[in-house]
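The values are calculated or read from the model by the stated rules, or taken from the named source; none is laboratory data. Everything numeric in this text was worked out from a predicted model, so none of it was measured. Ideal geometry is used to build each Cβ from the backbone, glycine not excepted, and the neighbour counts take in all protein chains shown. Note: areas computed on protein heavy atoms with side chains; ligands, DNA, RNA excluded. Shrake-Rupley method; radii C 1.70, N 1.55, O 1.52, S 1.80 Å.
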Amino acid sequence: MKRQIIIANWKCNPIAAKEAKELFDSVKEKAKRFKEAEIIICPPFIYLSSLKADKSIKLGAQNCFWEDKGAYTGEVSALMVKDLKTEYVISGHSERRKYFNETDGIVNKKLKAILNAGLIPVFCIGETQEERYNNQTEDILKKQISLGLEGISANKFPLLIIAYEPIWAIGTGNPCDAKEAQKMRLFIKDVLEKNYNSNTAEETMILYGGSVNSENSSLYIKQAGFNGLLVGGASLNAEEFIKIIKQAL
Ligand code: PGA
């Protein structure tokens, strides 16, 4: 069976460290039986040092800054995140693009910093409702991929994950139809083949994200052919998150 990557994006949750530890430990305990899945938890930065990754569960950050260190008040660099035994970093998430004005250029700088630190970026792309309605989805994805990955060579790709997350499906309870999602997955492969080569397109792991739950998780893997899932809201409930994994494998 092909390896699956299931990522929990906790976003700005939970409020207390105790709660974070309980949720993490509960997932960790149950995750042991899923040998064929790579399970990654992305908590807020502040919890990274107190959560202990092991073979069954890995840690990811939800963001990082593009410089290694210096006078950048409030920022956390990829190297700092790496020092906390974190292996993955999300970049380009639509909430960062929307609330923190992260452009494709900023995402590109962050992706380079993550790769230079020897970490694995989870590069998020996706269209808004309006863009979809105006038939601009493919143009948007192409632009996000081309600008986000500008100057990143094909030999870095074994270390890169792309997450297709239609913005209108994130946190809305309105997931993308599996057939539609599959079309976009194939389109992303196509862009990678044109921008790089067929090997790169073949090897790149592509995940789906947007209102994933235990009832739809298997559709994206088994029908639409994604290599894994990026789960937001539903990952805050250990039982539901484990169910999502179980159904998807
Ligand atoms: P959701 O979020 O599962 O709550 O829709 C997904 C994401 O934002 O990564």
So for the pair Tyr72, Glu203, with labels modelled 7 Å out along Cα→Cβ, what separation do we get in nm?
2.8 nm
Using the crude model of +1 on Lys and Arg Cβ and -1 on Asp and Glu Cβ, and no other charge, please compute the dipole size for the chain relative to its Cα centre, in debye to 20.
660 debye
Quick one: go through the range 72-86 and flag any residue whose amide nitrogen is under 11 Å from the point 7 Å out along the Cα-to-Cβ line of Ser49.
84
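Would you mind classifying the range 177-226 by shape? Square roots of the alpha carbon gyration tensor eigenvalues, ordered a ≥ b ≥ c; an a/c under 1.5 is rounded, otherwise it is prolate if a/b is larger than b/c and oblate if not. Walk me through the numbers before you get to the answer.
Numbers: a/c = 2.87, a/b = 2.41, b/c = 1.19.
Here the range 177-226 falls in the prolate category.
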Which of rounded, prolate, oblate describes the range 153-249, given a ≥ b ≥ c as roots of the alpha-carbon gyration tensor eigenvalues and a/c under 1.5 marking rounded, otherwise prolate only if a/b is larger than b/c?
prolate
Suppose each label sits 7 Å from its Cα in the direction of the beta carbon; what would the Ala17-Glu29 distance come out to in nanometres?
2.2 nm
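When ranked by the protection proxy of mean other Cβ atoms within 10 Å per residue, highest first, what sequence do the peptides 237-249, 23-35 form? Intermediate results must be reported in sequence, preceding the final value.
Working: 237-249: 18.5, 23-35: 16.8.
Per-residue Cβ counts within 10 Å, averaged per peptide and sorted highest first, yield 237-249, 23-35.
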Which value, in Å², gives the accessible area per residue of the range 4-248 when a 1.4 Å probe is used on the protein heavy atoms?
47 Å²
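What part of the accessible area of the chain, given as a whole %, is carbon or sulfur when the probe is 1.4 angstrom?
Working: 6050 of 11990 Å².
On the chain, the fraction of accessible area on carbon and sulfur atoms equals 50 percent.
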Take every Cα-Cα distance within the range 84-128, group them into 5 Å bins from 0 onward, and report for each bin the whole-number percent of pairs it holds.
5, 23, 31, 22, 13, 5, 1
Placing one identical point scatterer on every Cα of the chain and ignoring solvent, what is log10 I(q)/I(0) from the Debye formula at q = 0.10, 0.14, 0.16, 0.17 Å⁻¹?
-0.43, -0.89, -1.20, -1.37
Considering only C-alpha atoms, what is the centroid distance from the range 13-37 to the range 133-201, in Å?
29 Å
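How do Met184, Met80, Met205 stack up against each other in accessible area, from largest to smallest, with a 1.4 angstrom probe?
Working: Met184 10, Met80 90, Met205 45 Å².
In descending accessible area the options line up as Met80, Met205, Met184.
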Enumerate the whole-percent occupancy of each 5 Å bin, from 0 to the last occupied one, for all C-alpha pair distances of the range 1-149.
2, 9, 17, 19, 19, 15, 11, 6, 2, 0
Residue by residue through the range 69-74, the couplings from Karplus 6.51 cos²θ - 1.76 cosθ + 1.60 with θ = phi - 60°, in Hz, x for Gly and Pro, are 6, x, 7, 9, 3, x
